[in-house]
Amino acid sequence: MADLLVRGGLLVTMNPGRQVIEKGSVAIEGNRIVAVGEVRERAERVIDARGKAVLPGLINCHTHLPMVLLRGFADDMPLDKWLSDRIWPMEKKMGPRDCYAGALLGALELIKSGTTCFADNYFHMDQVARAVAKAGLRGVLSYGMIDRDDEQKMREEIRIGQSFVRSFHGKAGGRILTMFGPHAPYTCSTECLLKVKELAAKFGVGIHIHVSESSAEVKQTIRRYGKRPVEYLDSIGFLGPEVLAAHCVWVTKREVGIIQRRGVKPVHNPTSNLKMGSGIAPVVEMLQAGVPVALGTDGAASNNSLDLFKEMKLASLLAKLRNRDPTALPAMKALEMATRNGAAALGLEDELGSIEVGKKADLILVDLKKPHLSPLHDVVSHLIYSATGSDVDTVIVDGKILLEGGEVLTLDEEKVLELAQRTSDDLVSRLGEEK
Ligand SMILES: [Zn+2]
C-alpha cells in the first residue's frame, strides 16, 4: 500500500518522452514516486486530481530569498546605483531575525506559486535554512561571499561559507543541500574564486555565482583582466559542471562555446534582466549549443515576484522577440527550463525534474477549472502562456503535502505576512535613523 496517491489528474510527466497522461495517477511511498500512470495500488491518503494538471515541482535556480523584504523598496534605478544607494545600505542593517522573517515570507510565496526547490545565495543562511526546514521546501543554499580584494575579508568570507556547507549540507532529511556562493567575478578576488573552487571539490558541492549580468560588468572585467567575464573565469580554471552561473546575459558566441565545453549551468532571469535594463540573454543560442539553461527569478527586489510561471512565459516571449522567431522557444522548452534543466543545473537530474518512478516525490497540481485556462487543447500551452502561480492548488515536496486546496499547511500564512511587514517597517526606520 502506498502512502499517498494523486489520482486521476492530467499528468505532465516531463519524462524523456515528455509524455502527457490523461486521467493518470502518481503513487508515493515515503519521499519517492513508486508508480505513474494507471495505478491500481491503494493508499493511506488519496488526493483527487481530476480537473487538475499534475506536474513536477518547479525549480527556481537563482534567488536571494530574504530580499522579499525589499520588494518594492527600490525600483526603476540603474543596477550600480540600485545596489550601492538602496540595496547594500539596507542589507547592512539586516540581521539574522530579519533574514528569517524574509525567508519565511519567501518560502510562503514559493510554495503558493508551485516552486518546490530553489537555489539561494544570500547571508545569514542558517536562518534561510531554518525557514526551509520549517516550510518543508527543498533548498540548495549558499552563503554569498564578497571580498573586494581585501585579504582579511576573504579569509572571513571563506570561513563562513565553509562552515555553512559543513553544518547544513544534507540537513532537514536531505531537503537542504549547500553550495559555495562567491557573489560575482567583480566583487570577489581571483584568489577567493580559486579557494572556493578548491573547497567545492573538497566538499563535493556546487558553486553559485553571478556572471555577465550587465554590460558595465563586462567592461570592468575587460579593463581589469583584459578578458570578458566567462573568458576570465575560464582562464583561471574556475569553470566546470559544478558552476551555477546566474544571468549570462552578455556572453559572446565564443563564451557560449566555453560554457558548453566546461559544462557550466547558466540560469536565465528574464524579469530581473529586463527590470534592471541589463539585456536579454542568448538563451536559444545556449540551448542550441546543448547547454541546459535553467530558470530563476532572482531576488524579489529586482523582479518583484518569485512566481516561476511568469518567468517561464517571459523566457519564451523574450526569446521569440530576440530572435524575431515565434518558434524560438516553444512552451515545452520553457517548461523544461523550470523542471528538467533546473534539476540538471543543480546536479539533481536523477532525483528531480520529472514525474518518474524512483524520483523524489516533488509534485504540484494546477487547477484547470478556471476561465483563463479554458477551453483545454494543450495543457503545456496553458501552463506557460495562461497560468500563473495563483492557479497552483496543491504542492507536495519529499512526499509531504505543503499546500492543499490553496492552503499552506506548514506555515501560518497570516503570521508570516504580519511578521514580514513588521520586520520591513523596522528595517526602513533603522535605515532612516542613520541618515
Ligand atoms: Zn542575483
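Read-outs: derived from the displayed coordinates by stated rules, not from any lab. Fair warning: this is a prediction, and the values are worked out from it, not measured in the lab. Here the Cβ positions follow ideal geometry from the backbone for every residue, glycine too, while neighbour counts run over all protein chains shown.
A few points about this structure:
- The length gained by stretching the chain between Arg18 and Lys92 to full extension, at 0.36 nm per residue less their Cα-Cα distance, is 22.1 nm.
- A Cβ-based charge dipole, computed about the Cα centre of the chain with Lys and Arg at +1 and Asp and Glu at -1, lands at about 740 debye.
- Taken as Cα centroids, the stretch 104-152 and the stretch 299-369 sit 19 Å apart, rounded to the nearest whole angstrom.
- Against the rule of thumb 2.2 N^0.38 Å, how large the Cα Rg of the stretch 124-277 comes out: 1.04
- Between the stretch 45-65 and the stretch 220-265, the alpha-carbon center distance in angstrom: 33
- Averaging over all projection directions, the Cα-based convex hull of the chain occupies 19.9 nm² in the image plane.
- Contour minus Cα-Cα distance for Ile236 and Glu198 (0.36 nm per residue): 12.5 nm
- The stretch 59-345 - percent relative contact order, Cα under 8 Å, separation 6 or more: 19
- Lys/Arg +1, Asp/Glu -1 at C-beta; the stretch 59-345 dipole; positive extreme among Tyr143, Pro282, Ile222: Pro282
- Residue with peak Gaussian network fluctuation, the chain [Cα springs, cutoff 10 Å], from Glu404, Glu414, Glu349: Glu414
- Highest mean packing first, where packing is the average number of other Cβ atoms within 10 Å per residue, the peptides 72-78, 178-184 line up as 178-184, 72-78.
- Selection from Ala201, Gln152, Met125 lying farthest towards where the dipole of the stretch 111-241 points positive, charges on Cβ: Met125
- Protection proxy ranking of 139-151, 418-430 - average other beta-carbon atoms within 10 Å, highest first: 139-151, 418-430
- Computed label-point distance, nm, for sites Ala74 and Lys153 using a 7 Å Cα→Cβ extension: 1.6
- Chain lengthening between Arg261 and Gln288 when straightened (0.36 nm per residue, less Cα-Cα): 8.4 nm
- Gyration tensor over the Cα atoms of the stretch 333-421: the corresponding equivalent ellipsoid has semi-axes (square roots of 5 times the eigenvalues, largest first) of 23, 21, 13 Å.
- Total charge dipole magnitude, the stretch 184-300, about the Cα centre, Cβ charges on Lys, Arg, Asp, Glu only, Debye to nearest 20: 240
- Fraction of beta bridges assigned by DSSP in the stretch 59-345 that are antiparallel (%, nearest 5): 5
- Among Leu105, Gly72, Gly174 - extreme Cα towards positive end, dipole of the stretch 59-345, charges at beta-carbon: Gly174
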